[in-house]
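Take a look at the structure below.
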Amino acid sequence: MADGRNYWQRRRLSRRSMLRGAAVGSAGVAGAVLIGCGDDDDPTATPTNGNGGDDPTATATAGNGGTDPTATPDGGGGDMMAVAGGVRSAISANVYDSVDAHQSVASPSVGVLSRAQSKILRFANPNTGELVGDLAETWEVPSASEVVLNLRPGVKWHDVGPGAENPAASPGRDLTVEDIVYNIERQQSGTYADGTETSFGRSSYWQKIANMEVSDNAIRMELTAPDVTFVQGLANEFNQIAQPELLEAVESTFSEISADKVLGTGPYIITEWIPGERISGVRNPAYYDSARPYLDAFVWGQAFEDPTAYRIGWEQKQVDTFTDPDPTTTQSIQAANADESYLSFSGVANTVAAYTNPNVEPWNDPRLVKAIDLSINRRQLIQQLHNGLGKVSGPVTWLQEAWALPEESFENRPGYRTDGAGREDDIAEANKLWQAAGGPDLGTIDWVVAETWASRSSWTITPELIAGGFNDAFQTDQFRGKTGPYGEIIPSWSAGNFEPFFAWIPNIEIPDARADMITYYKSDSPSNIWGINEPDRIDAPLTAALAELDDEAAFELVAGVQEFILENGQFGRHIAYNYIAPTLAWNYLHLTGPAPGEGWNFLSGSLGALDEWIDPNDPSFDGRESPTPTPV
Amino acid sequence: MAQYAIRRVVLNFFVLWLVATLVFLAIRVLPGNYATQQFAGLNLGGVTPEAIAQAERTLGLDKSIPEQYVEFMTDTITLDLGESFRTKQSVWSELGDALPYSLELGMLVVLVGFSVAIPVGVISAVKQDRLPDYALRGLAITALAAPVFWTASIAVIFVLKWDLFKIDVANQPHLWEDPKGAIQWYLIPMFAGGFASTASTMRLLRSELLEVLRQDYVRTARAKGLAERTVIIRHAMRNAFLPVLTVMGLTFATLISSQIVLESMFNIPGVGRMLFQSIFIRDYPLFQGLVIITTFVIVFTNLAVDLLYGFMDPRVRLS
């Protein structure tokens, strides 16, 4: 079993080893565009979970991109041959918004759909961004504004199951390049087939394509501007490929969830999808990778509202994994079953941050912004709220490990320091700025903590911790913590009139951090709600980085921007940390990850679907009752 | 009596209208709605006012509050309670799925509660101020003080530690599908819930019985030479039981929708948990529908209990 205690202290994957892969890909070698190539001799890659629970199987697997059935890193420890068969029992999140991944705004739906639908590419290692082919067997990046996709031959749409039985579907036919082009053009247009306008979440991503040329089984994409991150977007979980005929038939009723509206080319056929009750799928015997998936089927039951039910379910082997927002609960249950279970540690892609609004007074005063940034005691929050399971993050979170500033550099960075004297210096500096900005005259300052965060038992104290931290730092009692629903925070966020708040926000789109940096910090980005306008120090280097084929050079540009952002108190976007969630599994279940006991950070739904396996010969398997999947 | 019943029925419908209006407004007073709640798990880079507006349009939340109210009341009068935002199933269908679970649990809780409360209440009254009375009252106070989640949690720990029986939280069997599995699943919640409800009923029965036992007609019955058992069961209990009957009726009605804690702890997909979840995710139609139906059940159970009074007590019938 992995020693989880030291998990977050391990050495990270060296940038050199990751960038080496990217350089090869950038040179245009088909099938080798590896932005973050996992190095065999460096098993230290950092991990994490899905986007706050998009995939009930949580932690996922490495494997060699799903092509070599004999190489299966397993969470249970040791190199073992994967055993085919078995039914995975998990729980599912309750809220599903769409059967159409393109129209979905919530990751749980996409987590289900990714079992049935493939993407153009997928991540072999989401932590680093290493890609492998999915529907495109190979791809080339001849320049920063060109991508060529070569379709995998012999891929067929599901020919059985509820989706195949839908009269609108064409089951069992071959996938064509036209299918892929249809999926892309549909999202570019922002309309249904009948011309009705709608909203596709990744429309702006696909609009980066200026022109597409189709020949035989290849697609050549020309981008509107150089963007070397574009290729990673092809592996984004939302960018799934669905059958056009069925899409047209169900697109206007996308929010009415039903298994007969899903038809893909992926590893599983969805046989039942009843929100709030049950989701079931069986192995697709015609999947293009005949060795995958290992499991015969999966059954996701109703999510447990209460940890007690979840614990009963896990201890009696009705479900295979357990995780609780309070890591101490998970760890204590593991300790009680130490011989038969293990913990898999995954970083969580929900970035925890405090936000101030520079569009309104008094937060438009840079001194105040800097004072707040310096006074947040990030490391203490990790200790208090997560039992020490977490790592501080800067503008690029540590989850995007190829692009984040080195962890060691945070040890002596203002606002992040680890030593007591340094922390005292930060507080003294914060106080000076607070006084100079007229902080004492600001009256009561309410700091909102998202209620979905604060309602969790171990985090109920968060409003007091946040407000208390500021009060202590500024030697005042002006700060007052209160809770507020995301339902209120999000509209005010998008409208740009939000109150200061503390929350987790899944702000990572792909492992290549350049795309997210552009989204949040470039002056003309619609998501730059802080109104950051630094043409020379941010816009220019980020634009250059986006076109830079040399990843070492690109990293230096991005690192420079990060340093500048940190110097300026993060412009009100006070990124604090990303925490680590332990998942508890019986030894018979082999989760996947970059190393034993480690899970992926995000975008791992495809990997879990392919590479998890169950060992019926493991002693812990005794007493497990296999759930019954819904047959085709 | 018939006039009384008609008057009460009319009054009940007024109460239903009032409750419907209040729940319609109350859920909308809460910040946010179902559409915006969906964005909580999303990369905020992708959240735009347009995306929120489209989600609201899909759910009919773009209409004004008065428009929504008129639509809601019109539909409610025709017994159309709408569709759940989350599942797109009709509220009736959702209730149809959840109600059997709540009825099963409710009946078992009431069964356990009254099976314990009635004999204990009688013994406590008959043995007033003696050791059994003190012991049973102490037990009642303990039951009253112990929260159900605590009692249930302790029981769960023992069951898991010694692997006593399977608590089927994953498959959620009904009593008629898998009686053994269902009883095992309900065992802890029914005893935890029943134990908690025992206390108030037992104390009520005891005090009523003590009062009745002091009545002249009881003395007369004893003077006639009737056996003590007959005096208590045939004469005293019938009168002492009237307020207990009221409590029983209301307890059962409220149990249907109030077992939020136990339903959550044991993954029982009943009405209470559904109600709680509908508030949390702002599923307006589901919340409104469940509250209206629950109110209907409670007010008409109350009416039925009042009418039963008349049946059991001729004085009420004649008045």
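Would you be able to say whether some residue in region A:179-200 is touching a Phe, Trp or Tyr at 6+ places or on another chain (Cβ under 8 Å), of a type in the set (A, V, I, L, M) and in a loop (DSSP other than H, G, I, E, B)?
no
From the list A:GLY129, A:GLY85, A:GLY154, which residue is small (Gly, Ala, Ser) and in contact with a helix residue (DSSP H, G or I) (Cβ under 7 Å, 6 or more places away or on another chain)?
Result of the check over A:GLY129, A:GLY85, A:GLY154: A:GLY129.
Looking at (1) outside any loop (DSSP other than H, G, I, E, B); (2) surrounded by 23 or more Cβ atoms within 10 Å (Cβ to Cβ); (3) touching a Leu at 6+ places or on another chain (Cβ under 9 Å), which is the only condition A:GLU245 fails?
The single condition A:GLU245 does not satisfy is (2).
Residues of region A:256-297 being among the small types (Gly, Ala, Ser) and either within 16 Å of A:LEU113 (Cβ to Cβ) or surrounded by fewer than 20 Cβ atoms within 10 Å (Cβ to Cβ) (or both), which ones? Give the derivation first.
Keep residues of region A:256-297 that are among the small types (Gly, Ala, Ser), which gives A:258-259, A:264, A:266, A:276, A:280-281, A:286, A:290-291, A:297.
A:SER258, A:ALA259, A:GLY264, A:GLY266, A:SER280, A:GLY281, A:ALA286, A:SER290, A:ALA291 - these are the residues of region A:256-297 that are among the small types (Gly, Ala, Ser) and either within 16 Å of A:LEU113 (Cβ to Cβ) or surrounded by fewer than 20 Cβ atoms within 10 Å (Cβ to Cβ) (or both).
May I ask you to say which residue of A:TYR310, A:TYR288 is over 18 Å from A:ILE580 (Cα atoms) and over 25 Å from the mean Cα position of the chain (by Cα)?
Going through A:TYR310, A:TYR288 in turn, the sole match is A:TYR288.
Just one of (1) crowded, with 19+ Cβ neighbours inside 10 Å; (2) more than 27 Å from the chain's Cα centre (by Cα); (3) without any contact (Cβ under 8 Å) to a residue 60 or more places away in the chain trips up A:PHE470, so point out which.
(3)
Would you check which residues across region A:132-147 are among the acidic types (Asp, Glu) and surrounded by fewer than 18 Cβ atoms within 10 Å (Cβ to Cβ) and list them?
Within region A:132-147, just A:GLU146 meets the criteria.
For (1) surrounded by 15 or more Cβ atoms within 10 Å (Cβ to Cβ); (2) within 14 Å of chain A (Cβ to nearest Cβ); (3) in contact (Cβ under 8 Å) with a residue 12 or more places away in the chain; (4) of a type in the set (A, V, I, L, M), each residue gets a yes or a no:
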residue: B:GLU50; (1), (2), (3), (4): no, yes, no, no
residue: B:ALA55; (1), (2), (3), (4): yes, yes, yes, yes
residue: B:PRO66; (1), (2), (3), (4): no, no, no, no
residue: B:THR76; (1), (2), (3), (4): yes, no, yes, no
residue: B:GLN89; (1), (2), (3), (4): yes, yes, no, no
residue: B:LEU111; (1), (2), (3), (4): no, no, yes, yes
residue: B:ILE123; (1), (2), (3), (4): yes, no, yes, yes
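Only residues that are of a type in the set (D, E, K, R) and within 14 Å of chain B (Cβ to nearest Cβ): list them for region A:99-132, please.
Once the filter is applied, which keeps residues that are of a type in the set (D, E, K, R) and within 14 Å of chain B (Cβ to nearest Cβ), region A:99-132 yields only A:ASP100.
For region A:474-481, indicate whether the set of residues that are within 23 Å of A:GLU361 (Cβ to Cβ) and without any contact (Cβ under 8 Å) to a residue 24 or more places away in the chain is non-empty. I'd like the intermediate steps shown before the answer.
From region A:474-481, those within 23 Å of A:GLU361 (Cβ to Cβ) are A:474-481; that's our starting set.
Checking the rest, the ones that are also without any contact (Cβ under 8 Å) to a residue 24 or more places away in the chain come to A:477.
Yes.
Could you tell me which numbered condition B:GLY270 fails, if it satisfies all but one of (1) out of contact with any Phe, Trp or Tyr (no Cβ under 6 Å at 6 or more places or on another chain); (2) under 26 Å from B:ALA98 (Cβ atoms); (3) touching a residue at least 24 places away in the same chain (Cβ under 8 Å)?
So the condition that B:GLY270 fails would be (1).
Anything in region A:234-257 that is under 17 Å from A:PRO171 (Cα atoms) and touching a Pro at 6+ places or on another chain (Cβ under 9 Å)? List them, or say none. It would help to see each step written out before you state the result.
Here is the first cut: in region A:234-257, the ones under 17 Å from A:PRO171 (Cα atoms) are A:241-250.
Hits for region A:234-257 are A:GLN243, A:ALA249.
Just need a number here: residues in region A:274-298 that are more than 11 Å from chain B (Cβ to nearest Cβ) and either within 25 Å of A:THR198 (Cα to Cα) or of a type outside the set (Ser, Thr, Tyr) (or both).
Within region A:274-298, residues that are more than 11 Å from chain B (Cβ to nearest Cβ) and either within 25 Å of A:THR198 (Cα to Cα) or of a type outside the set (Ser, Thr, Tyr) (or both) number 15.
Does B:PHE191 count as more than 23 Å from A:THR321 (Cβ to Cβ), assigned to a helix (DSSP H, G or I) and within 14 Å of another protein chain (Cβ to nearest Cβ)? Explain how you work it out, then say what you get.
Working: more than 23 Å from A:THR321 (Cβ to Cβ): yes; assigned to a helix (DSSP H, G or I): yes; within 14 Å of another protein chain (Cβ to nearest Cβ): no.
Here the answer is no, as B:PHE191 does not meet what is asked.
Only one residue in B:ARG282, B:ARG273 is at pLDDT below 90, in a helix (DSSP H, G or I) and among the charged types (D, E, K, R). Which one?
On the way: B:ARG282 fails: in a helix (DSSP H, G or I).
Only one candidate passes the filter, namely B:ARG273.
Looking at A:ARG202, A:ARG220, can you tell me which residue is of a type in the set (D, E, K, R) and modelled with pLDDT of 95 or more?
Every option except A:ARG220 fails the conditions.
For region A:408-463, which positions are surrounded by 15 or more Cβ atoms within 10 Å (Cβ to Cβ), among the aliphatic types (A, V, I, L, M) and either without any contact (Cβ under 8 Å) to a residue 40 or more places away in the chain or touching an Asp or Glu at 6+ places or on another chain (Cβ under 6 Å) (or both)?
A:ALA437, A:VAL448, A:ALA454
Out of A:ALA540, A:ALA513, A:ALA581, A:ALA544, which single residue is buried (at least 22 other Cβ atoms within 10 Å of the Cβ) and modelled with pLDDT of 90 or more?
Selected residue: A:ALA513, the only one of A:ALA540, A:ALA513, A:ALA581, A:ALA544 that is buried (at least 22 other Cβ atoms within 10 Å of the Cβ) and modelled with pLDDT of 90 or more.
Can you work out which of the residues in region A:480-501 that are under 16 Å from B:ILE281 (Cα atoms) and assigned to a helix (DSSP H, G or I) is nearest to the other protein chains (Cβ to nearest Cβ)?
Only one residue tops the list, namely A:GLY487.
Can you say whether A:THR323 is in contact with a Phe, Trp or Tyr (Cβ under 8 Å, 6 or more places away or on another chain) and either buried (at least 19 other Cβ atoms within 10 Å of the Cβ) or within 30 Å of A:LEU374 (Cα to Cα) (or both), as far as the supplied structure shows?
no
Within region B:170-178, does at least one residue satisfy the condition of being modelled with pLDDT of 90 or more, within 14 Å of chain A (Cβ to nearest Cβ), touching a helix residue (DSSP H, G or I) at 6+ places or on another chain (Cβ under 6 Å) and surrounded by 19 or more Cβ atoms within 10 Å (Cβ to Cβ)?
no
Considering only residues that are more than 25 Å from A:ILE382 (Cα to Cα) and part of a helix (DSSP H, G or I), which ones fall in region A:415-453?
A:LYS432, A:LEU433, A:GLN435, A:ALA436, A:GLY439, A:PRO440, A:ASP441, A:LEU442
The values are calculated or read from the model by the stated rules, or taken from the named source; none is laboratory data. Worth saying up front: this structure is predicted, and the values here are computed from it rather than measured. Neighbour counts run over all protein chains shown; Cβ positions are idealised from the backbone, glycine included.
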